[in-house]
Structure formats: structure tokens, C-alpha cells
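Written out below as C-alpha cells is the structure these notes cover.
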Amino acid sequence: MSGNLLFDAIFISFAGALLSLDRTAAFQTMAGRPLVSAPIIGYLAGSVQAGLVVGVTLELLLMGDLPVGTYVPSHETGLAVLATAVTVAAINAMGIRPFNPVGYVYTSMAIVPLALIVSLPVARAYRFADTLARRFNALIFHLAERSIGAQSGAINLVKFNLYGLVVFFAALWAAFLLTVFPLMLITRSLFSGAVFPRFLHSAFAGTILLGVASALTAVGTSRKELVFFAAGALASILMTVI
Amino acid sequence: MISKKSFLKVFIGSFFIQAAWSFEKMQTLGFAAAISPAIKDVFKDDAQSGNLAMRRHMSFYNAHPYMASPVLGAAIKLEEAGMRGECPVDNALRFRSRVMAPLSAIGDLFFWGALRPLASCAGILAALIWGLWGPVVFLAVYNVFHISARWFGLKKGYALGEAVIGFVTSLALPRWGARARLASAFMLGFFLAYGIRLSLNMADVRALAPSSIAFAAALVLVAVFSLLLKRGWKVAGLVYLATIPLIIIGVLFF
């Protein structure tokens, strides 16, 4: 974290666009999932712990949003990037430091519900950018088809395929640049010197319970409720005994 | 036989199968680009036939991205056989078209529907217990299967040709998927109970609410949210429903 909000936002947007490539365009190692991307963005923004709290929350909430067929799911990487940037901006504006007794994790838990409320509608822009890139890629296909000529066909196809990667990256980077900086700026001015919002912990608990319900729905098997309840009861008993 | 270098290029190319994904042609360009080093190798003495083969592979293709690997391997094998005149030259294309839908279904069900939730649940639980090791656990659990599927899928596809479908079926992925989903449900239950215990310790209210009572209360809320999700409510809408009233109550009374 440089301390310059604009520079930070550009850097976060660049990293966010790179992580977004993993969703569809390249690798699919799940590095773009909130559980991974949010701590990375948190680290770049100045608080890896805050990123982890955002990541766990979003991972639970979005576990069931699957990219099947032509359906483009909600942009979980974009949401993780924006929610983390907003959370860390709020924590920094409040003057919470890593060794503050209140602590980064405890504060982030209170900020996350607010960050989600703000980020959820804005994250639609990332899905829109993703859809635009997918539309533009049809043009690349037609150009590639025309290019298959004598001798050089094989080499050209790899190149054209990688142009698609550039299109995905450019679309997402532009969308991040247009959203991350303004939201970080607004958050900083709103939270500057704000009192620690302790009551927001109940909202965080509500979000986590919704996340567990969403994840359980995503698991989608017949005996899941029974296994879920048995595991929870077993853990409760074990923790009481131990 | 294609060279080891070409095989490796196809393997690397399989990671970019969706690089130029479009609504119109989906993974077609990615598949053609991934197979192109092998085609170049197979038809190195006959560039014209190589170009014709490339044109054939520019016809529509879309499946689960990891399932492209066995298809790529088998398609290379069939192109080699076609080049030697052992089967019709468009056999690879026919094979591709035939297996797209069933492999998509198997891949979506196992990787998206079972393995990813399993890795997510393991990662979330690990994050609660060990903090930053959570994302590492998530990536490790997921990618052991993911990378293996890509590498062995390609190898088996190239070794077995069309018979690779029998090999994929013999793996019984739907059965393993069902087990993975049960394991995910188990980890979620453990996560909830352990999370409640941690929050009660953090807020120092254990005397007021023992963890078993808090767990029961949490179960009721999870059941209500699950019911609403099953009835078609969107997660985003429920986030507002679950948080905004609590924030308003907090602002008014605390």
C-alpha cells in the first residue's frame, strides 16, 4: 500500500483484472475465487486479514453460482476485489492499525456487510464487461478463421486465441478502474474518523448464516441436511466436552 | 507419433481453451489453438492436409474446460489414424461432436457441482482454524484433481483414442461427486458450530448463550434462508434482507 489512493486503486484494479482471467479465460485454477483473490487484494491494499474475512464470506455466499452452458454467473472475483478494497479503505480511514487492540479482523467483520451492500450492485459492471469481452471475441474467431492459410495456420491460431485473453483483461481492467477508485474515495471520506461500528457484528453474523444456507443449497444432495446437522451437533458436543 | 514438445504444447494450450470464449463459438477457437501444435506435427510433411485438418477443428466445440483434455488426446490419435488412412479423415471431428454434451454434463456435475464446493468448504474451515492457510488448502485440494484431470486426461485420450470415453466412465465421477457433496455438508456443519464457538468467545458472552443454544438458533436461521433460496430468492436480495434491518436496528438502539 503506497498511501496514494489513486495509485493503490490502479494497482488493485490491475491485480483484480489479472485474477479475473483465471475465472474463464486462462488456467481455471480457482485463483479468482473470493477465498483466494480477496486475501491477495487485501495484501495489496494493506490488510490481508480483512481480505480473508471478505473472502470467506463471499465464498460461502457464491458457492452455488455455477458457469453452466451460456450462463455467465455473477462476477465473484470482481465482487471480492471491490468489497476488499472498500473494507480496507474503511478500516484505514477509521485509523485502525494491525496492532490496535480492536484488531483488523474484528473491525473487518463489522465493515464487510456494509462493503457488500455497496459492492453488490456495482459488481454488475464486471459481469457487463465480461459479457462485452465474450461478444467481442466472436470477431476474433472470424479473423482467425480467415487467417488459416498455407503453412502458417497453426501458429496464427495460438496468437488469435491469446488476443481473446487480452480482450478479457482489457475489459475487466477498464471496469475496475472506473469503479474501485471512486468507491475507495467515497469510503475514505465517509469513514474518516468514524467510531468503531460494534453493532454491525450482528449483520455480519446474519451474512455468514445466509452464506452457510447458500453453500448448503449449492451442495445439493439428498442427505445433506442430516449430515450437516450431525456434524454441527458433533462439533458442538466435542467443543463443550474439550 | 507426435513429439514430446508438441504434446507439452497441447497440454499448456488446454489451460487456454476458453481464452477467446464467445457466445457464438464458445470454446471452438481455444480447442483449435490447443490442438494446432499436434496437427502441425502430424501433418509436417503435408501442409495442405494440415490446413484442412485445422479448418475441420474450427467447427463448433464446447464442453467442460477440463474435459477438453481427453477429447484433445483422442482427437490427435484419430488425426494420426486418418493421416495413415486407417479411418475417415473427419473421424476426429465426429468424435468431438459426439462426446461434447455427455462430457460437459459429467464435468459440470463433478468439478463445478462437487469438487469446487468440497475444496471451498475445506478452505473455509481451514481459514477459520488456521487463518491464511485456508486459501492454500482450497487451492491444493482443488488443483490436485484439476491438474491431474488435465494431464492424465490428455495422456489417456492420446493412448486410448475413442476408447477414452470408456475410461472416463470407469472413473465413476458421479458416485465420487455424491460422496464429495456429503463431505462438504459435513464440513459446513463443523464450520458453523466452530464459528459460533469462536464468536461467542470473541464477544465474551458464553455465559449468556451456551454454544448449543446459539447453534440451535443459527440452525433455525440457516433453515429459513435455505427455504427462501429454494423458493427462488437471489443471494444478493437476501444479503440486503439479512443485513439492512440489523444495521438499522444497530443505528437506532446501540
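The values are calculated or read from the model by the stated rules, or taken from the named source; none is laboratory data. Model, not experiment: these values are computed from the prediction. Every residue, glycine among them, receives a Cβ derived from its backbone with ideal geometry; neighbour counts consider all protein chains shown.
Here is a check on your reading of the model: is B:P70 touching a helix residue (DSSP H, G or I) at 6+ places or on another chain (Cβ under 8 Å) and crowded, with 22+ Cβ neighbours inside 10 Å?
Yes: the conditions hold for B:P70.
Evaluate the following for B:N91: is it touching a strand residue (DSSP E or B) at 6+ places or on another chain (Cβ under 6 Å) and either touching a residue at least 12 places away in the same chain (Cβ under 8 Å) or within 30 Å of B:F190 (Cα to Cα) (or both)?
Against the criterion (touching a strand residue (DSSP E or B) at 6+ places or on another chain (Cβ under 6 Å) and either touching a residue at least 12 places away in the same chain (Cβ under 8 Å) or within 30 Å of B:F190 (Cα to Cα) (or both)), B:N91 does not qualify.
Mind checking which pairs have a first residue in the range B:97-125 that is closer than 22 Å to B:I147 by Cβ and a second that is of a type in the set (S, T, Y) and modelled with pLDDT of 95 or more, Cβ under 6 Å, 6 or more apart or different chains?
B:G107/B:Y66; B:F111/B:Y66; B:P117/B:S184; B:L118/B:S184; B:A119/B:Y142; B:C121/B:S184
Please determine, by comparing only the residues of the range A:141-160 that are farther than 9 Å from B:L29 by Cα and at the interface with chain B (Cβ under 7 Å from one of its Cβ atoms), which one is modelled with the highest pLDDT.
A:I148
Only residues that are closer than 15 Å to B:R181 by Cβ, more than 7 Å from chain A (Cβ to nearest Cβ) and among the aromatic types (F, W, Y): list them for the range B:105-131, please.
Hits for the range B:105-131 are B:F110, B:F111.
Mind listing whichever residues of the range B:202-220 are closer than 30 Å to A:P73 by Cβ and either facing another protein chain (nearest Cβ under 8 Å) or modelled with pLDDT under 85 (or both)?
Passing the criteria: B:A218, B:L219.
For the range A:190-232, what are the residues that are touching a residue at least 12 places away in the same chain (Cβ under 8 Å), of a type in the set (S, T, Y) and in a helix (DSSP H, G or I)?
Across the range A:190-232, the qualifying residues are A:T207, A:S214, A:T217.
Here is a yes/no grid of residues against (1) more than 10 Å from every other protein chain (Cβ to nearest Cβ); (2) at pLDDT 85 or above:
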residue: A:P34; (1), (2): no, yes
residue: A:V56; (1), (2): no, yes
residue: A:L61; (1), (2): no, yes
residue: A:T70; (1), (2): no, no
residue: A:A90; (1), (2): yes, yes
residue: A:Y106; (1), (2): no, no
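Among the numbered criteria (1) part of a helix (DSSP H, G or I); (2) over 18 Å from A:V118 (Cα atoms); (3) modelled with pLDDT under 95; (4) of a type in the set (A, V, I, L, M, F, W, C), which single criterion is violated by A:A50?
Just one mismatch for A:A50, condition (2).
Look through B:R175, B:R181 and report the one residue that is loosely packed, with under 14 Cβ neighbours inside 10 Å, at pLDDT 85 or above and of a type outside the set (S, T, N, Q).
Of the residues listed, the single one that is loosely packed, with under 14 Cβ neighbours inside 10 Å, at pLDDT 85 or above and of a type outside the set (S, T, N, Q) is B:R175.
Return the pairs, sorted by first residue and then second, in which the second residue is of a type in the set (F, W, Y) and part of a helix (DSSP H, G or I), the first residue lies in the range B:30-58 and is over 22 Å from A:L139 (Cα atoms) and more than 7 Å from chain A (Cβ to nearest Cβ), the beta carbons are less than 8 Å apart, and the residues are 6+ apart or on different chains.
Short answer, once both residue conditions are applied: B:A38/B:F7.
I'd like the residue in the range B:132-172 that is crowded, with 19+ Cβ neighbours inside 10 Å, farther than 30 Å from A:S47 by Cα and among the β-branched types (V, I, T) and, out of all such residues, is nearest to the other protein chains (Cβ to nearest Cβ).
That would be B:V168.
Hey, can you tell me all the residues within the range A:4-18 that are in a helix (DSSP H, G or I) and farther than 28 Å from B:R150 by Cβ?
Hits for the range A:4-18 are A:L5, A:L6, A:F7, A:D8, A:A9, A:I10, A:F11, A:I12, A:S13.
For the range A:19-47, name all the residues that are within 18 Å of B:V141 (Cα to Cα) and not in a helix (DSSP H, G or I).
The answer is A:D22, A:R23, A:F27, A:Q28, A:T29, A:M30, A:A31, A:G32, A:R33.
Could you check B:Q18 against (1) outside any helix (DSSP H, G or I); (2) farther than 19 Å from B:A149 by Cβ and say which number it fails?
All conditions are met except number (2).
Test A:L183 against the stated conditions and say whether it is under 23 Å from A:Y106 (Cα atoms) and at pLDDT 95 or above.
yes
Are there any pairs, at least 6 apart or on different chains, whose C-beta atoms fall under 8 Å, with the first in the range B:221-249 and more than 7 Å from every other protein chain (Cβ to nearest Cβ) and the second of a type in the set (S, T, N, Q), and if so, which?
Hits for this filter: B:I249/A:S202.
So which of A:A235, A:A231, A:A194 ends up being more than 17 Å from A:V56 (Cα to Cα) and more than 7 Å from every other protein chain (Cβ to nearest Cβ)?
Within the list A:A235, A:A231, A:A194, the selection yields A:A194.
Take the range B:17-50 and flag every residue that is surrounded by fewer than 20 Cβ atoms within 10 Å (Cβ to Cβ) and closer than 27 Å to B:G85 by Cβ.
B:K44, B:D45, B:D46, B:A47, B:Q48, B:S49 - these are the residues of the range B:17-50 that are surrounded by fewer than 20 Cβ atoms within 10 Å (Cβ to Cβ) and closer than 27 Å to B:G85 by Cβ.
Out of all the residues in the range B:21-28, is one or more more than 7 Å from every other protein chain (Cβ to nearest Cβ), assigned to a loop (DSSP other than H, G, I, E, B) and either modelled with pLDDT of 95 or more or farther than 24 Å from A:F27 by Cβ (or both)?
Taking every residue of the range B:21-28 in turn, at least one turns out to be more than 7 Å from every other protein chain (Cβ to nearest Cβ), assigned to a loop (DSSP other than H, G, I, E, B) and either modelled with pLDDT of 95 or more or farther than 24 Å from A:F27 by Cβ (or both).
Condition check ((1) in the same structural domain as A:H201 (by TED's automatic domain parsing); (2) of a type outside the set (D, E); (3) within 21 Å of B:H146 (Cβ to Cβ)) across all residues:
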position	(1), (2), (3)
A:S20	no, yes, yes
A:M30	no, yes, yes
A:G51	no, yes, no
A:E59	no, no, yes
A:L62	no, yes, yes
A:S74	no, yes, no
A:T77	no, yes, yes
